[in-house]
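Read the structure below first, then the notes.
The values are calculated or read from the model by the stated rules, or taken from the named source; none is laboratory data. Everything quoted here is computed from the prediction, not taken from an experiment. We place every Cβ from the backbone using ideal geometry, glycine too, and count neighbours over all the protein chains shown.
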Amino acid sequence: MFKLFISLVILFPAIVFADESLKEATSFINGLELQKLCNSESIDTENDCRLYVAGVIDSYAFLANTKNLENKICIPEEIALENLQSIVVQHLDEHSKDLHNTAAYIVLLAIRKTFPCKDDLHPHRF
């Protein structure tokens, strides 16, 4: 758990941009490791997956609100963290060729593809 927290803190600035340079950046956890966490039968490990996804999204939201960023994400208010985790797991399972990329990049890519912003009126635009 501590390792997940440290990896988010270190990747914090890079997560905001989530560009091509992030997908192969040095990180503590890559897509394959995240996939193992998320597909584990252990409740504790599944919680680690959920917390990692939340940490990446929260980090992005925090920094996106302090900077003028492109490629915004708009998550509907009614979407639960468990749903976001399922979206990320589905993306991991369907894009096995990309599992060598950083987990943070994969999380943001999956969420952006699912929840792109369509207008400026969305309540959770970040």
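Filtering region 42-77 down to residues that are β-branched (Val, Ile, Thr) and farther than 16 Å from ILE29 by Cβ, which residue is modelled with the lowest pLDDT?
Start the filter on region 42-77 by keeping residues that are β-branched (Val, Ile, Thr), which leaves 43, 45, 53, 56-57, 66, 73, 75.
Next, only the ones that are farther than 16 Å from ILE29 by Cβ stay: 43, 66, 73, 75.
Values: ILE43: 85, THR66: 78, ILE73: 87, ILE75: 91.
That would be THR66.
Give region 28-71 a look and list any residue that's closer than 11 Å to ALA104 by Cα and touching a residue at least 40 places away in the same chain (Cβ under 8 Å), or say none.
Start the filter on region 28-71 by keeping residues that are closer than 11 Å to ALA104 by Cα, which leaves 28-31, 34, 52-57, 59-60.
Within region 28-71, ILE29, ASN30, GLY31, LEU34, TYR52, VAL53, GLY55, VAL56, ILE57, SER59, TYR60 qualify.
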